[in-house]
Amino acid sequence: MAQQRRIQLCTQRPTSTVCVLGTELSLDIQGSAPKDAIAFHVQGTPGVKVYVVHETQSVKLPSSVTRWPLAAGTEVLLTMEAISKDVGDEKVRISYFGEASGVPVGRAMLYLTCVEVSLDADTGRSGSVSRTLVDKTTWTWGPDGHGAILLVNCDRDDPKSRLMGDSGEPQSQPTDNRDTIVCSYEDSIAPEEYKHVLGGEKLAYAVKPSQHQEESIFYVEGLAFPDAGFSGLVAFHVTLLESPEKGLLETPIFTDTVVFRVAPWIMTPNTLAPLEVFVCSVEDNEDFVAAVSMLAEEAKCPVTICPLPENRNDRWIQDEVEFGYVQAPHKMFPVVFDSPRDRGLKDFPVRSILGPDFGYVAQETPENTSSLDSFGNLEVSPPVMVCSKEYPLGRILIGSSFPRFGGRRMAKSVRNFLAAQRVQAPVELFSDWLQVGHVDEFLSFIPAPDRKGFRLLLASPSACYQLLREKQEMGYGEATMFQGLHGVPKPSINEILGNEALRKFNAYTQSCISWNRDILKRELGLAEQDIIDIPQLFQADNQARAMAYFPDMVNMLVLGRHLGIPKPFGPLVDGQCCLEERVRALLQPLGLSCTFINDYFSYHKLDGEVHCGTNVRRKPFAFKWWRMVP
């Protein structure tokens with residue numbers, strides 16, 4: 001329905017007004033009628049379409065009816081379909097008649113100037129601004145949805161600068177007369193590269209009329225991602241103001257509105273193609289860096305090595321950052337999410353990653369952060385369908401103390417931020433049973449050629465005990481762990497199976513993993529065929545929390561079909577590590593290549609593994625986030 005504006009008429013002097021293209025004017029014929037008038041006649045010039053609404057019927061003029069009763073229900077509407085060439089170049093005349101009078105008892109003259117005012121953006125999500133008939137005041141999801149998209153200005157234009165800048169290209173197009181663009185205070189956003197006209201304390205901007213400028217272009221960028229206090233929706237309004245007599249305030253005669261949604265930050269799962277591998281070089285991990293580099297070369301993926309002066313002897317790059325991206329129809333670029341842990345690598349994301357078309361985001365958290373705030377405790381599944389509900393960008397997985405009361409939990413500000421993005425609905429898992437407390441200590445995702453396109457790997461004490469009992473029954477009970485590692489105790493299969501305290505503790509850890517297994521099956525829509533159990537044992541620390549008994553094989557680096565798996569140093573059976581042999585038997589039929597990397601002293605003994613010591617920037621999803629229905 002077109003916007004409508006009421007116009008007051010006068011029989012003593014002509015009235016002048018502006019008609020905005022695409023709107024209706026409703027003429028107040030009653031208010032200007034002489035007291036003895038009982039009927040009226042209306043006539044307009046060719047550029048004006050005039051309608052009389054009488055007894056619920058709308059009649060376009062001219063018609064066979066020459067005079068209309070001046071009744072309470074009678075209304076005159078008019079529209080214009082072409083922009084005026086001169087001020088007041090079209091007009092409408094109302095003639096009033098008394099009872100049985102052939103001569104008008106009064107006339108009201110209205111002079112009209114038609115202008116075009118429209119606030120346009122890429123509401124059709126085509127990548128370019130165009131005029132559209134869709135409702136610009138709403139923003140809808142889905143393949144048939146509409147509404148413009150805004151990118152957060154979170155990258156750095158000038159590599160030498162410490163400021164962030166550069167982003168998107170939504171445009172508005174107000175013309176003629178005096179227009180005011182208005183931005184709600186809580187929605188304020190501000191461009192920095194161009195003249196700053198809106199955002200912050202600047203809540204309105206006047207566009208001065210010009211005979212030579214048919215449109216004004218505004219470049220719009222966001223300053224913040226969706227969060228607990230910000231839905232991500234931003235409304236802009238353009239208002240045409242009419243100047244009355246001197247000394248009076250201007251009055252609004254037309255408003256157009258367009259609603260944007262700020263593009264969310266999106267995580268990428270292991271199953272997406274790798275674009276760049278990150279690893280830290282510290283004092284004692286030269287062989288590890290070489291092994292990761294060789295694996296990356298096999299996967300045809302470049303490697304970025306963070307040197308010691310930049311990492312300050314902090315090797316846990318997975319815990320420091322999470323790579324993702326933002327996307328609008330006209331542009332897409334990677335964005336790194338900086339964790340609250342702030343150890344040796346705390347300056348690395350800003351100093352070495354943030355740059356032109358590479359964004360950065362972080363969340364303020366209380367000072368008393370826990371290990372669960374590190375991003376080894378932040379993973380995302382591949383796309384899934386759960387009870388007919390699609391998650392085309394997967395679901396975020398974070399570790400928590402749930403179902404325990406109390407305990408450690410990821411910072412609320414980070415959890416709120418992840419949930420507010422809306423496109424990868426988070427799932428909380430139970431990870432507080434682990435010493436470090438990260439979900440990547442008991443799960444991982446790998447690509448697969450069948451079923452859902454992936455498999456979920458879960459650490460499994462039960463599968464490990466089953467494997468060791470098989471080898472014991474085959475006569476290999478004296479085969480020992482950790483061969484080739486100096487200064488490390490070498491328990492045999494018999495000793496491990498005979499260790500009652502170890503068995504009981506692993507029964508407990510298996511129950512914790514099984515709890516998570518049930519959550520993952522329910523929240524990701526998985527069947528048992530989608531899950532592979534990876535043999536793994538845990539041991540208790542002095543607070544009865546779990547640590548990996550041998551290098552944790554699910555904590556792996558996934559580069560397409562190339563897997564970098566912590567070398568478990570399991571019992572040798574016929575010269576082969578039986579743990580490696582079992583993992584190969586489970587994963588190689590899926591077309592995956594298993595490379596076992598020795599991280600025992602450089603990572604495992606420091607309570608981490610291959611995944612903890614690496615990070616990967618991956619190719620974005622082909623699916624466009626705005627086409628989903630959250």
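The values are calculated or read from the model by the stated rules, or taken from the named source; none is laboratory data. As the structure is a computational prediction, the values presented were derived from the model and not from experiment. No Cβ is skipped: glycine too gets one built from the backbone with ideal geometry, and neighbour counts run over all protein chains shown. Surface accessibility is based on the protein's heavy atoms, side chains included, excluding ligands, DNA and RNA. Shrake-Rupley method; radii C 1.70, N 1.55, O 1.52, S 1.80 Å.
Sequence-distant or interchain residues sharing an amide H contact under 5 Å with Leu275, placed H: which?
Hits under the 5 Å cutoff: Arg617, Arg618, Lys619.
Once Rh is set to the Kirkwood radius over Cα pairs, what Stokes-Einstein translational diffusion coefficient, in µm²/s, holds for segment 501-630 at a temperature of 10 °C and a viscosity of 1.306 mPa s?
Translational D for this selection: 94 µm²/s.
Over segment 31-146, what is the relative contact order in whole percent, taking alpha-carbon pairs under 8 Å and six or more residues apart?
Computed over segment 31-146, the figure is 24 percent.
In deg cm²/dmol, rounded to 500, what helix-only [θ] at 222 nm does the chain give when every DSSP H run of at least 4 residues adds -39500 (n - 2.57) and the total is split over its residues?
-4000 deg cm²/dmol
From the P(r) of segment 219-284, could you give the percentage of C-alpha pairs in the tail past 16 Å?
72 percent
Using protein chains only and a probe of 1.4 angstrom, how many square angstrom of Phe218 are accessible, to the nearest 10?
30 Å²
Given the Cα-Cα distance of Thr255 and Val386 and 0.36 nm per residue of separation, how much length would full extension add, in nm?
Stretched fully, the Thr255-Val386 segment lengthens by 42.9 nm.
To the nearest Å, what is the center-to-center distance of segment 82-101 and segment 27-49, using C-alpha atoms only?
Segment 82-101 and segment 27-49 have Cα centres separated by 8 Å.
Near Lys605, which lysines are there with a Cα under 17 Å away, not counting those fewer than 8 places off in the same chain?
Hits, sequence-local ones excluded: Lys490, Lys567.
Taking the simple approach of a point 7 Å from Cα along Cα-to-Cβ for both Phe601 and Tyr194, what is their distance in nm?
Each label point lies 7 Å from its Cα, and together they span 6.0 nm.
What is the local net charge at Asp338, summed over the other residues whose Cβ is closer than 13 Å to its Cβ (Lys, Arg +1; Asp, Glu -1)?
Here the charged neighbours net out to -3.
For segment 379-423, with the dipole built from +1 on Lys and Arg beta-carbon atoms and -1 on Asp and Glu ones, taken about the Cα centre, which of Pro392, Pro382, Gln421 lies farthest toward the positive end?
The one lying farthest along the dipole's positive direction is Gln421.
For q values of 0.06, 0.09 Å⁻¹, compute log₁₀ I(q)/I(0) with the Debye formula on a Cα-only model of the chain, without solvent.
With one equal scatterer per Cα and no solvent, log10 I(q)/I(0) is -0.48, -0.79.
Using only Cα atoms, find the angle between the long axis of helix 500-524 and the longest principal axis of the chain, and express it within 0 to 90 degrees, rounded to the nearest 10.
Helix 500-524 and the main axis of the chain meet at about 20 degrees.
Relative contact order for the chain using alpha-carbon pairs under 8 Å, separation at least 6, rounded to a whole percent?
Relative contact order for the chain comes out at 11 percent.
Please compute the Kirkwood hydrodynamic radius of segment 317-370 from all pairs of different C-alpha atoms, in Å with one decimal.
For segment 317-370, the Kirkwood estimate is 12.0 Å.
Normalised by the empirical 2.2 N^0.38 Å for globular proteins, what value does the Cα Rg of segment 426-556 take?
1.12
Keeping all protein chains in place and using 1.4 angstrom, which order do Lys195, Lys49 fall into by accessible surface area, from largest down?
Correct descending sequence by accessible area is Lys195, Lys49.
To the nearest 10 square angstrom, how much accessible area does Thr66 have with a 1.4 angstrom probe?
Thr66 has an accessible surface of roughly 90 Å² with all protein chains in place.
Please report the accessible area of Glu609 (heavy atoms, 1.4 Å probe, ligands and nucleic acids excluded) in Å², nearest 10.
10 Å²
Can you flag which of Lys331/Lys619; Lys136/Lys331; Lys331/Lys624; Lys60/Lys91; Lys452/Lys521 are past 18 Å Cα-Cα?
Over 18 Å apart, Cα to Cα: Lys136/Lys331.
Separation of segment 477-492 and segment 315-348 by C-alpha centroid, Å?
Computed from Cα coordinates, the inter-centre distance equals 39 Å.
Ordering Lys521, Lys504 from largest to smallest accessible area (1.4 angstrom probe), what's the sequence?
Highest to lowest solvent-accessible surface, that is Lys504, Lys521.
So who's got an amide H within less than 5 Å of the one on Leu429, skipping anything under 5 residues away but keeping other chains? H placed 1.01 Å off N, in plane.
Residues meeting the amide H criterion: Ile398, Gly399, Ser400.
Which whole-angstrom value gives the distance between the alpha carbon centres of segment 228-256 and segment 575-630?
A separation of 55 Å, based on Cα centres.
Given a cut-off of under 8 Å on Cα pairs at least six residues apart, what relative contact order in percent is computed for segment 502-630?
Relative contact order here is 19 percent.
For Ile565, Ile253, write out the residues from largest to smallest accessible area, computed with a 1.4 angstrom probe and no ligands counted.
Highest to lowest solvent-accessible surface, that is Ile253, Ile565.
Using amide H atoms built in the peptide plane, which far-off residues or other-chain residues are under 5 Å from Val207 H to H?
Amide H neighbours of Val207: Asp179, Thr180, Ile181.
From the backbone phi of segment 354-364, what are the Karplus-calculated ³J(HN,Hα) couplings (6.51 cos²θ - 1.76 cosθ + 1.60, θ = phi - 60°) in whole Hz, Gly and Pro given as x?
Values, residue by residue: 4, x, x, 6, 9, x, 9, 9, 8, 10, 6 Hz.
Go through segment 88-95 residue by residue and turn each phi into a ³J(HN,Hα) via Karplus (6.51, -1.76, 1.60, θ = phi - 60°); whole Hz please, and just put x for glycine and proline.
x, 7, 10, 8, 10, 10, 10, 10
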